[in-house]
Amino acid sequence: MSILLAAKALKENVSIIDLLSRLGYEPVKKSGREKFYISMIRDDDTNPSFTVNDELGVWFDHGIRKGGNIIDLGLAYWKNLGFREVVEKLTAVADGQYLGLPPVEKISRPRLPVKLPHYIVLETKPLGTHPAITEYLRGRGLFDVGKKFLSEIYYYVENDTGARKHFFSAGWQNENNGWEVRNKYFKGCIGPQGITFIKGNDKKVAIFEGYLNFLSWRTENLSLDHSIIVLNSVTALKAGIGKAKAFSSIDVYFDRDKAGFLATKEFIYALPYATDRSPLYDGFNDYNDKIKAKFKAISADEKAHKNIFSDLKVPFER
């Protein structure tokens with residue numbers, strides 16, 4: 001099995017809660033569908049601020065405002081390991097090899113929550129309808145550019161007893177009609193996963209891991225007409241390579257972390273004429289981190305400028 005297929009199998013079949021239990025971590029409390037832990041990916045957590053929603057297959061650390069799937073957890077937990085090594089380590093833990101234990105049947109149970117029919121999209125709306133979604137995208141410096149590409153997605157999750165829980169997120173559609181959804185606390189996919197392709201120039205293509213990074217690139221390159229490939233997940237790297245083969249000029253904008261560097265290396269190995277463009281945001285983890293920093297700097301300047309003029313007193317004359 002290739003490393004990307006192994007990663008896909010881990011995300012679809014392995015429970016994060018059971019995996020953490022194998023590593024020696026148990027939840028401190030439970031609230032609704034979320035279980036709370038003392039964070040295992042940082043040393044300064046004194047209150048349980050690391051949450052796991054096993055139905056969705058996601059985690060979120062409120063102390064560092066980051067989360068993701070089981071692969072993202074492995075990369076955060078084993079900080080000194082690369083993508084391939086983390087996938088191998090996670091597989092070993094799930095199979096019981098890492099701790100010298102027999103495999104636990106419940107860890108490898110099928111779990112495909114984001115693809116089940118009871119995740120129902122109720123409606124989609126244009127951006128600007130829900131203030132929380134607007135605030136989230138403005139905070140990333142992407143609200144204005146996102147109007148053309150994103151929608152507000154309103155959906156619910158129904159459990160086995162028929163109880164429903166409603167959610168809302170910014171949404172981006174992939175080629176299999178699934179929705180890649182993001183809000184302040186959650187990142188995931190509703191429906192089948194897949195890449196997203198936006199047709200443009202027949203010779204030039206820009207490729208990204210996620211749509212927030214594509215939108216970040218777009219804010220600085222409004223005049224460029226590249227075709228666009230967004231993987232929506234590094235596990236779709238093979239599909240992205242297959243799509244990119246049709247283009248003679250390929251710009252790669254993956255994250256500047258271990259997983260991103262590995263994906264870039266594999267991509268350029270398959271298509272040697274592709275160019276790694278990530279040095280454009282050197283010093284940041286990804287393109288959106290650069291845009292957020294730029295957006296905050298502009299906002300701070302505007303605020304300072306406003307404060308200067310607010311302190312001026314104009315004398316009154318008749």
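The values are calculated or read from the model by the stated rules, or taken from the named source; none is laboratory data. Please read all numbers here as calculations on a predicted model, not as lab measurements. No Cβ is skipped: glycine too gets one built from the backbone with ideal geometry, and neighbour counts run over all protein chains shown. Ligands, DNA and RNA are excluded from the accessible area calculation, which covers all protein heavy atoms including side chains. Shrake-Rupley method; radii C 1.70, N 1.55, O 1.52, S 1.80 Å.
See the values below:
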item	result
Cα-based equivalent ellipsoid, the chain: semi-axes from gyration tensor eigenvalues, Å	34, 27, 21
Distance violations [Cα-Cα > 26 Å] among Lys89/Lys165; Lys79/Lys292; Lys245/Lys296; Lys187/Lys258; Lys199/Lys294; Lys147/Lys184	Lys89/Lys165; Lys245/Lys296; Lys199/Lys294
Ranked order, Lys296, Lys29 - accessible area, probe 1.4 Å, largest first	Lys296, Lys29
Computed [θ] at 222 nm, deg cm²/dmol, the chain (DSSP H ≥ 4; -39,500 (n - 2.57); rounded to nearest 500)	-10000 deg cm²/dmol
Helix 258-270 axis, angle to the chain major axis (alpha carbon atoms, nearest 10°)	90 degrees
Protection proxy ranking of 37-46, 238-247 - average other beta-carbon atoms within 10 Å, highest first	238-247, 37-46
Integer Hz, Karplus 6.51/-1.76/1.60 couplings in order for segment 211-226, x for Gly and Pro	6, 5, 6, 4, 4, 5, 4, 5, 4, 9, 9, 5, 8, 6, 10, 3
DSSP beta bridge pairing in the chain, given as percent antiparallel to the nearest 5	75 percent
Heavy-atom accessible area per residue - the chain, 1.4 Å, Å²	53 Å²
Size descriptor, Kirkwood hydrodynamic radius, that averages inverse alpha-carbon separations across segment 181-297, Å	14.5 Å
Net charge of neighbours whose Cβ lies under 10 Å from the Cβ of Phe197, counting Lys and Arg as +1 and Asp and Glu as -1	+1
5 angstrom amide H check on Gly128, placed H, neighbours 5+ away	Thr134
Amide H partners (placed H, <5 Å) of His226, local residues excluded	Asn201
